[in-house]
Every structure is written in C-alpha cells, then in structure tokens.
C-alpha cells in the first residue's frame, strides 16, 4: 500500500520510492527502504501530512506520499 | 578586515535545521556581514573571530542543504561554493555541523563533501537533544572511522563553542576517508573534467554534471552533456545516495547506540500546533500578540529618542554659530535622521520575535499548516517564511525564497513579498496613525493605534495574496511543485544567538537606511532653501514694509517653500496626485521616498522644520495643525491620511528591493513589472479610498 493511505498513528515500513525525479529528494530526507515510518499528523483532507522517520519529522504532500510504497507493520 | 592574506578561511555547512546559524552567531558575535562576492551572485554571510594563536579566522556561512545535488537555488549556492571551480574562494577547512539526533541523514552530505577532497571538521551539534532521545555517540570512534576531528556542542547552552574554536585552529588529519566509487560509464566525463582541473577528486568532477554554472565556467555546454549522464541522471544520484547510506550505516553500527527511550515533547506540542483548527487560531493569536507587543514595547524607547532628538537639535542650534552648515545639520540631516532613529526600536523588537519563531522551530510549522491554502494562490507552504519575514524587511525575505524548488512559485513569492508591510512602513504608518487617534486610546482592551496598524498589515497581506492569484493565472506552469520539508524538534531559543541577530539586523538597517536618508535630506534641504532666480528676494521685498511678527514669518516661510525648487517639483506633480487627495508638499515626499519609503517621515520633518524658531514643538504637531489654504480645514484629515496609508501599503518605493529582485530573477524584466504593478495598484487604491471618503 501507499504511505498516503495511512492514518495518523499508523506505522509501516518503507518498501520502495517510485518516482523518476523525486526519489533522490525523498531518500536525502532519510526516507529509505526498510525504515520504519510513523504517520504523526494529517492536515485538512489529509494533505499535507507529517511523518516520523529515524526520530525526525518530515512534512510532505499527499501527492508525494503516494510515491512511497509501504508495508503495514 | 586586516591581514586577510594570512586569515584562516573556514566554511560552515550542514543540513537545514542543524543549528548552523546559531554556531555562526556564537563564533563571530557582532563581527558579521552579508556581502556581495565580486563576480558571482553568491550572497555570503561572513564573519570573523580571533583564533587562540592570534590568527584571524574568516567564517563563511552557507545555506543549509541536504546534498550536493541541488533542487533549489539556495542549495545550488551552497554546493557551487563547495565545488569551487577555478579557486574563486579559498577554503582552508570545512566545518560540517550535524544534528546528532539524526546522524544517518546528516552524514550523507558529510560523505559527499569529504569526497570533494576538502579538509573537514565534524561538529556533533545538539548533543543534549540526542541524549534526551536515548542516542549515544562514541565520538572518538567516529573520528577514527571518518578520519576527521570531532567537536561536540549543545543546542541549548554554549557548551563546546570555545572548544570548537580550539579545534578549528588544529591541523586536520592527514588521512580522511572517502566513500565514492565511480560508475564505469561516467569515467570519460570524470577524466575529462579532471584533465582541466588537475586537483579535482573523481567525485568533485562527477558532481560538476549537476551544476550548470560550474560546467559553464569549465567551458562545457550544460546542454550537451554526454548522453550516458543525461539519460541516467536520477539513476546515478539514486545509486550514489543509497551506496553512501550503506557506508554510513556500517560506520554508525559501531559508533551509535540507540536505547529507544524517547523523551520528546515535540509530538505533544504539535498535537495542538498542527491541529486543523487550533493550529490556525494559535498562529493568528501569535501574530496578533507579536504586533501588539511591537507597538506597545517600542512606545517607550521611541519617546526617549524623539525627545532626545529635539533636545540635541536645540542644543546644536544654540551651540553652533548661525551658518549654512548649521542649517544643513539641524534642518536637513538631523531632521531626516530622527525619522529613521525613531523606528529602530520597533524594527529590532519585530526581528527579535521573528528570530524566536525561527529558532524554536515554529516557522516551519507555519509552512506546514498553510501549504494547502498557499497552493490555491500559486504559492507554496515555503512561501510563508518570506512573506512573514517580509513584515520585517523584503530584502532578506526575497533571498529566503531561494529554498522554494518550483521556479514559478518562487517567482510569485518574490513578486508579492514587497506588498507585506515591512518595517520601513512602520514610521510612515506611525506618523499617519497619530493624526487619526490619540496614542493611548483603547478599543476594548486593545490599543486602538495597534489595531489600526494591524489592519494595515492585514491589507498588505490580502493584497499580496490577491496579486499572487493574479500571477498564478498569468504565469505558465512548467514543472512539478514540491513540498517536502523537515519539521525540526521544538527547542528553546539560544538567547545569545537571537539577541546578536536582532542587534546586527538593527545595525544593518540603521546604517543602510541612514546613508540614504542623510543624502536625501541634504539634497532636499538645498532644494527647499533655494529657488530659481530672484523669487525668494521678491517674497522678502513684498513683506519688508510690514512689521515682522510670528505669523508673518510663517507666511513668508510658506511662500518661500512654495517658490523653492522642491516646491516647484511638488506643484508640478500636484495635478497627478490630486485624485488621491495629496497636495504639493506630500508630492515632494512622494518623490523623495521613491528610493526608500521611510524617507517620507524625514522629508516631512525637513519640510515642516522652520528655521530660526525657538519653538521645539515636534514635527508631528506642526503637521497636525496644518490648514488647507482653500478649505480652511485640517489638511491631514481622515480621507487624506487613509489614502496616504493605503498608498504606502501598495507602492514599491524601495530601490534595494528593486536591486535584489533584479539579482534574484537575473534581469530587469521582473523588477520593472513589479515596480509598475505596485505603483499602479497604489495609485488606484488610494484614489478609490480618497474619493469614497471625501
């Protein structure tokens, strides 16, 4: 499933980042395959969302979260 | 700066939010400046301090970046500086500041810079925060593994700074670890670059492919890179990034321990701050409080300054012999300067609060909660930081728009930021609002003056959003918009850093605005003191037979001003500005404040300062009593004052903003468009206000 489908409080592990132009940006922010991810907050209509990974909180848009494939844990 | 030849030149770099600016402030204190590096467009923040061995150390603070593959302009500035094609900068040491609580991600950039071949020093900042998150780092082991010296510093107190100064002076280790393995298919390009720049490491040559400016200065055409690179650009960066993370994890597995015990209040605070409803209410509440306190707290020092200037002026007038020089000094320079001096407290208080919002990490929350709204206006959550800082000054704010990745959103942000009421508008509003209400008047529990000022800020903000919307429809969308940003942990501000920042901003402002104002005041004094041919003599001749009383002197002075060059200029403009309710005296001020709006107050002061008068009444009172010669009513009545305030809200009137927009957009096109649309909006809105009300 996609990261964008998670509700606040749900956690998952990253499987892959599927984007031609944005994957490096996402990797640079520390969102790496195998890492545990926790959705902290979601704004109006779930966009943007704030996730916690490796102790850091990263904000990103729903459209960007759709690029991140995760596995519910 | 003396003996810069022998200076030790260091560069501060790291991820955004790693506490780099704090360290810069603590290292250099007040010895800092933002300067234009000749020949490039880089805006560097530099400062200096003395090393323990007496050498001068020059520090350059680069914008924070996550990697050497830039996605935005500020990241490009940082990485081009580090690539350092043709040695335009001297880099003796790169001081890499890392957030200890997220070493894995921070070390990514660290390994990239190490591969450029620069001698490095690693600062493990925010060690106290990492500790509270249950992370312990074996700094000695990390130092062995990476081959660089390490210094540990805290986020909250200044612990570690003096140690850092010591380590900076030490020579780096002879052997520094490298992390890069060159992919086969890019070898030809790498050796090609290395052929031109002999001392370049393979990685430094490789990274050049991501930097059009560096390529151009190497003589490459950025458009005609080898096909194997162009086709695989994102693949190459992706695999490079993943390989680096592998090496980092291998190092960290022996160096870092995570007990998993997290004592972190950030999440709890964010439950409220990022809440879909309370979040916005709190944001508005915080802004409201900031502005109320700006006006309330500044009232006292402003009174002292105002009284001090009156005192100094009287003192100078009695002390100095009557001469043209004395007149220039008291009626020109002093009158003009008092205009800037008086609002320095407000500016500093505003910068102080903005500094706190930035340092605590709240500013990025504002980006988060406003992103969705901003998108509707063709902006980005990241536009909020330039827009809010625009309330202090548009110039650094326009540069702050560099971190917006999407070019269209960045351009719109740049175009509308000057509509946010900056601190230079404060003295203008301040003077004008004083015609409308008594200083201590209250509405409910709030200060009426403060409320009126707030509505001017609101007007500017609404204007900025509406024009953003307009530009959204005019400008074509070219690339995808992105919003991925870190929300750093909340932390208490380092007070020393905030205070230093506030002081240096106040300082910058006073000197840059002061220079313009002194110059304009002197020119204006000449223009109002002299007129063409014998006009002045004629006026004096007309009244010689009449007994000289105070009221006659006032009439003579009025007629002289009208006959002076300044008066002629104002009269010439009068028909054009009459629809806004302005007279020729305001016309003079509009002309002089074309280059810098705050000159308005100084100009008014110069126009309304009367020679040879013992009366120490303040300029404000004199203006208040000004009577319209025809209607016999007060000139500064409600419609005129409101119209003027609206004019100053929308008009561009800042030559420095023009210059910075030209630089940031790389040409004259956008600043000219900005000047035109803003002036047009100002004229239209003022006319509307005046015609409706009068």
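Summed over the stretch B:166-185, the residues that are surrounded by fewer than 17 Cβ atoms within 10 Å (Cβ to Cβ) and part of a helix (DSSP H, G or I) give a count of 4. For the stretch A:11-28, the tally of residues that are part of a loop (DSSP other than H, G, I, E, B) and modelled with pLDDT of 95 or more stands at 0. In the stretch B:648-694, the qualifying residues are those that are modelled with pLDDT under 90 and not in a helix (DSSP H, G or I), and the one that is nearest to the chain's Cα centre (by Cα) is B:654.
As an exercise: evaluate residue B:139 against (1) within 38 Å of the chain's Cα centre (by Cα); (2) surrounded by 18 or more Cβ atoms within 10 Å (Cβ to Cβ); (3) modelled with pLDDT of 90 or more; (4) farther than 23 Å from residue B:9 by Cα and give the number of the one condition it does not meet. Looking at each condition in turn, residue B:139 falls short on (2). Kindly provide the set of residues from the stretch B:474-498 that are free of Cβ contacts under 8 Å to residues at least 24 places away in the same chain and more than 14 Å from every other protein chain (Cβ to nearest Cβ), ordered by number. Across the stretch B:474-498, the qualifying residues are B:474, B:495.
The residues in the stretch B:500-516 that are under 20 Å from residue B:600 (Cα atoms) and touching a strand residue (DSSP E or B) at 6+ places or on another chain (Cβ under 7 Å) can be counted, and the count is 2.
The helices (runs of 4 or more DSSP H) found entirely in the stretch B:362-431 that carry 3 or more residues being more than 12 Å from the chain's Cα centre (by Cα) and touching a residue at least 12 places away in the same chain (Cβ under 8 Å) are B:362-376, B:407-416.
Answer yes or no: is there a residue in the stretch B:214-231 that is within 29 Å of the chain's Cα centre (by Cα) and under 30 Å from residue B:385 (Cβ atoms). Looking through the stretch B:214-231, at least one residue is within 29 Å of the chain's Cα centre (by Cα) and under 30 Å from residue B:385 (Cβ atoms). When you scan the stretch B:76-102, how many residues do you find that are surrounded by fewer than 24 Cβ atoms within 10 Å (Cβ to Cβ) and closer than 18 Å to residue B:240 by Cα? Residues in the stretch B:76-102 being surrounded by fewer than 24 Cβ atoms within 10 Å (Cβ to Cβ) and closer than 18 Å to residue B:240 by Cα: 1 in total. Selection of the stretch A:30-72 for residues being at the interface with chain B (Cβ under 8 Å from one of its Cβ atoms), in a strand (DSSP E or B) and more than 11 Å from residue A:8 (Cα to Cα) yields A:56, A:57, A:58, A:59, A:60. Residues in the stretch B:358-382 that are modelled with pLDDT of 90 or more and more than 14 Å from every other protein chain (Cβ to nearest Cβ) were compared, and the one that is surrounded by the most Cβ atoms within 10 Å (Cβ to Cβ) is B:378. Output the residue which, of all residues in the stretch B:259-280 that are touching a strand residue (DSSP E or B) at 6+ places or on another chain (Cβ under 9 Å) and surrounded by fewer than 16 Cβ atoms within 10 Å (Cβ to Cβ), is farthest from the other protein chains (Cβ to nearest Cβ). Once the filter is applied, the top-ranked residue is B:259. Remark: residue B:214 matches the filter, which requires a residue to be at pLDDT below 90, over 22 Å from residue A:29 (Cα atoms) and buried (at least 20 other Cβ atoms within 10 Å of the Cβ). Just the residues that are in contact (Cβ under 8 Å) with a residue 60 or more places away in the chain, within 19 Å of the chain's Cα centre (by Cα) and either within 14 Å of chain A (Cβ to nearest Cβ) or more than 23 Å from residue B:102 (Cβ to Cβ) (or both), please, taken from the stretch B:48-80. Once the filter is applied, which keeps residues that are in contact (Cβ under 8 Å) with a residue 60 or more places away in the chain, within 19 Å of the chain's Cα centre (by Cα) and either within 14 Å of chain A (Cβ to nearest Cβ) or more than 23 Å from residue B:102 (Cβ to Cβ) (or both), the stretch B:48-80 yields B:72, B:73, B:75, B:77, B:78.
Annotation: residue B:606 fulfils all but one of (1) at pLDDT 75 or above; (2) surrounded by 21 or more Cβ atoms within 10 Å (Cβ to Cβ); the unmet one is (1).
Condition test on residue B:552, is it loosely packed, with under 15 Cβ neighbours inside 10 Å and either outside any helix (DSSP H, G or I) or out of contact with any helix residue (DSSP H, G or I) (no Cβ under 9 Å at 6 or more places or on another chain) (or both)? Considered against the rule, which asks whether it is loosely packed, with under 15 Cβ neighbours inside 10 Å and either outside any helix (DSSP H, G or I) or out of contact with any helix residue (DSSP H, G or I) (no Cβ under 9 Å at 6 or more places or on another chain) (or both), residue B:552 comes out as no. In a residue-by-residue description of the stretch B:385-399, the property of being within 12 Å of chain A (Cβ to nearest Cβ) and closer than 19 Å to residue B:469 by Cβ applies to no position. Checking each residue in the stretch A:11-29 for being more than 11 Å from the chain's Cα centre (by Cα), touching a residue at least 12 places away in the same chain (Cβ under 8 Å) and either under 15 Å from residue B:481 (Cβ atoms) or more than 10 Å from every other protein chain (Cβ to nearest Cβ) (or both) picks out A:18, A:19, A:22.
The values are calculated or read from the model by the stated rules, or taken from the named source; none is laboratory data. These numbers were taken from a predicted model, which means no experiment stands behind them. Note that each Cβ is placed from the backbone with ideal geometry, even for glycine, and that neighbours are counted across all protein chains shown.
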